[in-house]
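The values are calculated or read from the model by the stated rules, or taken from the named source; none is laboratory data. On a predicted model such as this, the values are computed, not experimentally measured, just so you know. Counting neighbours? That spans all protein chains shown, and the Cβs are built from the backbone with ideal geometry, glycine included.
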Amino acid sequence: MICIPSEEFPFRLIFDSFFYEDVLKNALRNTPSNPPWTSKLTVINDRAKGCSRNFNTISQYIFDKIIEKDSVPRNRLRAMFMPVDEHTIEQIEDEIERTIKHAINLASLYKPHKALIMTSNETRAKYESNNHFKSSHLVLIASGEECLALIDFFYKKVERA
């Protein structure tokens, strides 16, 4: 029997389209990583203790848009990100608001009871000025290079486990 090591992380990772478009795509082009960033995200998503295959989450709407726009195979994208379709939250048109409410909902209902939104540097201020974000003690934010450093840190924790 093979035992796949798992790791308990201090917060869930919530991704938005700005992370995907600005941070991840840019890192894939300009910041080589071994293994590639996409593989690191897949490993983290798979080996998160208690949240295997649904640790890295993204809005169903964003997930579908990525597949449509970039022709990414659904199974490959799904390995990196769990699409979450919370009907009432998915109805919110503003992506910042939708992502914050998704993060608050996940952190409120499931362990670990913290969520970290991963976004671009350019979008960070929009999150930080949002009243729901300001009033929540469950949600944190990371942007740009900080996201890549966290992905590396989380990956190294499960790689050594």
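The set of residues from region 75-88 being over 14 Å from Asp16 (Cα atoms) and in a helix (DSSP H, G or I) comprises Asn75, Arg76, Arg78, Ala79, His87, Thr88. For region 119-161, the tally of residues that are out of contact with any strand residue (DSSP E or B) (no Cβ under 7 Å at 6 or more places or on another chain), of a type in the set (A, V, I, L, M) and either buried (at least 16 other Cβ atoms within 10 Å of the Cβ) or over 27 Å from Asp46 (Cα atoms) (or both) stands at 3. Assess whether Ser59 counts as being among the hydroxyl-bearing types (Ser, Thr, Tyr), exposed (fewer than 13 other Cβ atoms within 10 Å of the Cβ) and either within 14 Å of the chain's Cα centre (by Cα) or closer than 22 Å to Thr38 by Cα (or both). When the stated conditions are applied, Ser59 does not pass them. Ser39 falls short of the stated requirement of being part of a loop (DSSP other than H, G, I, E, B) and either buried (at least 18 other Cβ atoms within 10 Å of the Cβ) or modelled with pLDDT of 90 or more (or both). Residues of region 46-74 that are outside any helix (DSSP H, G or I) and touching a residue at least 12 places away in the same chain (Cβ under 8 Å): Ala48, Lys49, Gly50, Cys51, Ser52, Arg53, Asn54, Phe55, Asn56, Thr57, Ile58, Ser59.
If you go through region 119-149 and keep only what is under 19 Å from Ile58 (Cβ atoms), free of Cβ contacts under 8 Å to residues at least 40 places away in the same chain and of a type in the set (D, E, K, R), you end up with Arg124, Lys126, Glu146.
Per the conditions (1) under 12 Å from the mean Cα position of the chain (by Cα); (2) surrounded by 20 or more Cβ atoms within 10 Å (Cβ to Cβ); (3) more than 20 Å from Phe133 (Cβ to Cβ), the sole criterion not satisfied by Pro83 is (2). Looking across region 12-33 at every residue that is modelled with pLDDT of 90 or more and in a loop (DSSP other than H, G, I, E, B), the one that is surrounded by the most Cβ atoms within 10 Å (Cβ to Cβ) is identified as Asp16. Looking only at residues in region 99-118 that are assigned to a loop (DSSP other than H, G, I, E, B) and touching a residue at least 60 places away in the same chain (Cβ under 8 Å), the one that is surrounded by the most Cβ atoms within 10 Å (Cβ to Cβ) is Pro112. For region 127-134, the criterion of being over 24 Å from Leu28 (Cβ atoms) and in a loop (DSSP other than H, G, I, E, B) is satisfied by at least one residue.
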